[in-house]
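Each reported figure results from applying straightforward, stated rules to the coordinates on display, with no laboratory input. These numbers come from a predicted model, not from an experiment. Don't worry about glycine lacking a Cβ; one is built from the backbone with ideal geometry, like all the others, and counts go over all protein chains shown.
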Amino acid sequence: MVSLVSGSYTVHQKVVKAMENSEGGPWSLSLKNPEWFYYALQLTTLEPQDDLHIDSITWKMLIGAALTKMHGILGESANFDILQVYDESCIIRTSTSERQIMESSLVAYRGNLKSFRLRDVMFTIRVVERSQYLVGVAGPSRRDWLSITKEIEI
């Protein structure tokens, strides 16, 4: 059987022929296993910090340190991208196959910002949101929608 490959998804020739023979009607292709998994992360410190600004390079180093400390060379080789940075929080994506490595590293890691040439403050990385789709972490929070609907009812 001949198959066409698009990214990491394979569409068999029989499916393509069935779509072509469908009288020109609308059809859609649903992705059951997305390639990426998204996280919204937040840096939390033990003492409140007023003007702590963390750029994308520092976020990359923090996440890389967490991966390396928890999983060694395997964690260090994990692929992730930083999509957006908001001072003490960021949105990242990683491949779906490396999701468990990323989650276990982020949840278990605790470090000191001094080792990243910042203040002498202990920190942890908190996973605020996680989703298979970018809108799940970048869109409005479900908690925010709940408060909006309560205000409308009153």
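Assorted remarks:
- Ranked list, fewest to most other Cβ atoms within 10 Å of each Cβ, for Y133, Y39: Y133, Y39
- Neighbour-count ranking [beta-carbon atoms within 10 angstrom, fewest first] of W59, W36: W36, W59
- Stretching D51 away from I82 to a fully extended chain increases their span by 9.0 nm, per 0.36 nm per residue minus the current alpha-carbon distance.
- Sequence of V127, V85 once ranked by neighbouring C-beta atoms within 10 Å, starting from the fewest: V127, V85
- Size of electric dipole in the stretch 36-153: Cβ of Lys, Arg +1 and of Asp, Glu -1, about Cα centre, debye, nearest 20: 380 debye
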